[in-house]
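Colleague: Next up is a structure, given as structure tokens.
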Amino acid sequence: MSFNPLLWMCNTLHCRQPHQSDLLRQLIEPGFGFFMKNSRLRSWGIRKTNIGRGSRLLPVGIVIVAIIGISLGLYFGIFNQNSMKTSIPGEVQSYPKSAVLEIWSSGDKTATLKMTRASLEISPLDPFYLSFNGIAAYYISSDKPEGEEKQSLLDEAVFSLRKAMASGGKLPVAAQVEYVLGKAYFQKGQPWYDLAAKYLSLAKKDGYEGRDSEQYLGLSYAGLLDHEAAVSHFEAALEQGSSDVLMLSAAISYKELGNLEKTSELLGKVVESASDALIVQRARFMLGDMAMAIGDTGKAQEQYQAIVDTDPRSAEGWFRLGLIAEIMKDPIKARADWRKATSIDPNHIEARKKLAERL
């Protein structure tokens, strides 16, 4: 049986697991699709902390980098001596494709990006250089904090990968290119979630599915407020292996669809199993809000109390406890809880309004 580098690459890349903070950031940051109505971090009792913006993208291992490089290299026939280009003295150098592959396989993404940029000056439509340039730019962006440089790298990744697909050259690894392109669009933010879903779906259709494809598809559709499609992909991802972020994501979409039983089930699992305090806190706020909506103040109080017990500086947790005390006709405790909230966050508008009222 002949060696198929594409099949080898697809099978091996399935070992990738999403970094938890990658998607957690999407769940709590202001403006993310299904939190448009409650975009303030404070409204969920989550204080603004540095949760690792640089880790929003999935980390890349040297082994994975080598696999992608070898697969692309074999398909483009880079070991053929005819593929090597020489440069005219004094002009920009076009690096041999074998040299690009060697550097890429060593895990040096920065050098790969520099080499492909230089080579594209001479061969701007070469699908090999375009593919490596786009993929390297995308993975380098994963190490950057949010800002101009990160967005510039994502723009470069999208431009090069789209150009590689439209170059007219042989691109047998189109599915992998579509996969990276879809994730790059997702990282660019909400205005591009439709394109993220489009290219991640195309990658699956064309024969490549990363281990995180279903999760990213679910988040993309949730960001587009298409929660029916979102839960379909979240369930598919859960069948492959559950995670705290994945269960929380699915719970949010189920809540938007009005399936409170499934929402409670998933949130309960998150509270029991999650090791990340921020994820547990988010789940408890949702459980508390759901209890309040049906008038179960006892259960709501239990959730909010658990939040402040774990994080005494949760201004929103104290504010919600104050609301419970107000309902239970205990104005002294209510005002004490609201004062606690404003002492933690002087800009907590709702708590300040409550303190200004006469109970």
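The values are calculated or read from the model by the stated rules, or taken from the named source; none is laboratory data. Because the structure is predicted, anything quoted here is derived from the model rather than measured. When we count neighbours, we look across all protein chains shown, and the Cβ atoms used for this are built from the backbone with ideal geometry, even at glycine.
Colleague: Which residues, taken from region 215-229, are in contact (Cβ under 8 Å) with a residue 60 or more places away in the chain and among the aliphatic types (A, V, I, L, M)?
Modeller: 219, 222, 224, 225
Colleague: Return the only residue of 253, 232 being in a helix (DSSP H, G or I) and in contact (Cβ under 8 Å) with a residue 40 or more places away in the chain.
Modeller: Only one candidate qualifies: 253.
Colleague: Which helices (runs of 4 or more DSSP H) sit wholly inside region 260-359 and have at least 3 residues that are touching a Ser or Thr at 6+ places or on another chain (Cβ under 8 Å) and without any contact (Cβ under 8 Å) to a residue 60 or more places away in the chain? Before the answer, list the steps.
Modeller: Working: elements: 260-273, 277-293, 297-310, 315-327, 331-344, 349-356.
Fully inside region 260-359 and qualifying: 277-293, 349-356.
Colleague: Turning to a different aspect of this structure: Could you check region 217-229 and list, in sequence order, the residues that are surrounded by fewer than 24 Cβ atoms within 10 Å (Cβ to Cβ) and in a helix (DSSP H, G or I)?
Modeller: First, pick out the residues of region 217-229 that are surrounded by fewer than 24 Cβ atoms within 10 Å (Cβ to Cβ): 224-229.
Selection gives 227, 228, 229.
Colleague: Now for a separate question. What are the residues in region 213-231 that are of a type outside the set (A, V, I, L, M) and either at pLDDT below 95 or farther than 30 Å from residue 277 by Cβ (or both), if any?
Modeller: First pass over region 213-231, keeping only residues of a type outside the set (A, V, I, L, M): 213-216, 218, 220-221, 223, 226-228.
The answer is 226, 228.
Colleague: Going through 332, 307, 327, 349 one at a time, which residue ends up being β-branched (Val, Ile, Thr) and surrounded by 19 or more Cβ atoms within 10 Å (Cβ to Cβ)? Walk me through how you get there before you give the answer.
Modeller: Values: 332 fails: surrounded by 19 or more Cβ atoms within 10 Å (Cβ to Cβ); 327 fails: surrounded by 19 or more Cβ atoms within 10 Å (Cβ to Cβ); 349 fails: surrounded by 19 or more Cβ atoms within 10 Å (Cβ to Cβ).
The conditions single out 307.
Colleague: Taking the condition under 26 Å from residue 274 (Cβ atoms) and either among the charged types (D, E, K, R) or in contact with a Gly (Cβ under 6 Å, 6 or more places away or on another chain) (or both), does residue 146 pass?
Modeller: yes
Colleague: So, one more: How many residues are assigned to a helix (DSSP H, G or I), over 20 Å from residue 108 (Cα atoms) and under 16 Å from the mean Cα position of the chain (by Cα) when one looks only at region 136-178?
Modeller: Residues meeting the conditions: 1.
Colleague: With respect to the numbered conditions (1) more than 23 Å from residue 221 (Cα to Cα); (2) of a type outside the set (Phe, Trp, Tyr); (3) touching a residue at least 40 places away in the same chain (Cβ under 8 Å); (4) crowded, with 24+ Cβ neighbours inside 10 Å, which one is the sole condition not fulfilled by residue 177?
Modeller: Failing condition for residue 177: (1).
Colleague: From 138, 129, which residue is touching a residue at least 40 places away in the same chain (Cβ under 8 Å) and aromatic (Phe, Trp, Tyr)?
Modeller: Just a single option satisfies the conditions, and that option is 138.
Colleague: Still on this model: Just the residues that are of a type outside the set (A, V, I, L, M, F, W, C) and either assigned to a loop (DSSP other than H, G, I, E, B) or over 21 Å from residue 175 (Cβ atoms) (or both), please, taken from region 119-135.
Modeller: Residues satisfying the conditions are 119, 121, 123, 124, 126.
Colleague: Read through the list (1) in a helix (DSSP H, G or I); (2) touching a residue at least 12 places away in the same chain (Cβ under 8 Å), then give the number of the only condition that residue 210 fails.
Modeller: (1)
Colleague: Okay, next question. Taking the options 253, 232, 249, 243, name whichever one is outside the structural domain of residue 132 (by TED's automatic domain parsing) and either surrounded by fewer than 18 Cβ atoms within 10 Å (Cβ to Cβ) or among the basic types (Lys, Arg) (or both).
Modeller: Every option except 232 fails the conditions.
Colleague: If we keep just the residues of region 133-154 that are of a type in the set (Gly, Ala, Ser) and within 24 Å of residue 122 (Cα to Cα), which is surrounded by the most Cβ atoms within 10 Å (Cβ to Cβ)?
Modeller: Filtering region 133-154 for residues of a type in the set (Gly, Ala, Ser) gives 134, 136-137, 141-142, 147, 152.
Right, trim to within 24 Å of residue 122 (Cα to Cα) and you get 134, 136-137, 152.
Working: 134: 26, 136: 31, 137: 26, 152: 13.
Among them, the one singled out is 136.
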